[in-house]
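The values are calculated or read from the model by the stated rules, or taken from the named source; none is laboratory data. Small disclaimer: the values here were computed from a predicted structure and weren't measured. So basically every Cβ, Gly included, is an ideal-geometry build from the backbone, and we count neighbours across all protein chains shown. Heavy atoms of the whole protein, side chains included, go into the accessibility calculation; ligands, DNA and RNA do not. Shrake-Rupley method; radii C 1.70, N 1.55, O 1.52, S 1.80 Å.
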Amino acid sequence: QVQLVESGGGLVQFGGSLRLSCAASGFTFSNYVMSWYRQVPGKERALVASISSIGGRTNYADSVKGRFTIARDNEKNTVFLQMNSLKPEDTAVYYCKGLYGINAYWGQGTQVTVSS
């Protein structure tokens, strides 16, 4: 059974930091491009960051460049999102996604709220 379980969300003050984790099971994690997306009510889910299967290539949305870092541990089947210098506009539900060919898996999401 495929599972992606996010954790690490919560309430943080402006300028603070959070580290999100996404634990994967049920598929060959090391084959998959892993990404973090976020969604606010009334808007489409948007890509935040992605990392290649081996971890050599990363990609970030312009709005988070220099503040967020995506990383993965293929031995622990986990992908991380380190979020620094958080702003109220980073408030959203954050989802992790695994993609390999036509196979795409999503987690259930974790809420991140940044107070001003």
Flagged in region 42-63 as closer than 22 Å to Thr91 by Cβ and either small (Gly, Ala, Ser) or buried (at least 21 other Cβ atoms within 10 Å of the Cβ) (or both), in numbering order, are Gly42, Ala46, Val48, Ala49, Ser50, Ala61, Ser63
Flagged in region 20-54 as hydrophobic (A, V, I, L, M, F, W, C) and touching a residue at least 40 places away in the same chain (Cβ under 8 Å), in numbering order, are Leu20, Cys22, Ala23, Ala24, Phe27, Phe29, Val33, Met34, Trp36, Val40, Val48
Does Gly98 qualify as being touching a strand residue (DSSP E or B) at 6+ places or on another chain (Cβ under 9 Å), surrounded by 15 or more Cβ atoms within 10 Å (Cβ to Cβ) and not in a strand (DSSP E or B)? no
With the first residue restricted to region 3-19 and required to be closer than 15 Å to Arg38 by Cα and open to solvent by 90 Å² or more (accessible area, probe 1.4 Å), and the second required to be of a type outside the set (Lys, Arg) and not in a loop (DSSP other than H, G, I, E, B), Cβ contacts under 6 Å at 6 or more apart or on different chains are Arg19/Gln82
- Message: Among the residues of region 25-41, are any within 12 Å of the chain's Cα centre (by Cα), among the charged types (D, E, K, R), crowded, with 21+ Cβ neighbours inside 10 Å and within 26 Å of Thr91 (Cβ to Cβ)?
- Response: yes
Counted residues in region 101-110 being within 16 Å of Ala23 (Cα to Cα) and either in a strand (DSSP E or B) or among the aromatic types (Phe, Trp, Tyr) (or both) come to 4
Taking region 4-17 and keeping residues farther than 13 Å from Val79 by Cα and not in a loop (DSSP other than H, G, I, E, B) leaves Gly10, Leu11, Val12, Gln13
Within region 71-94, restricting to residues that are farther than 18 Å from Val12 by Cβ and within 10 Å of the chain's Cα centre (by Cα), the one that is least open to solvent (accessible area, probe 1.4 Å) is Val79
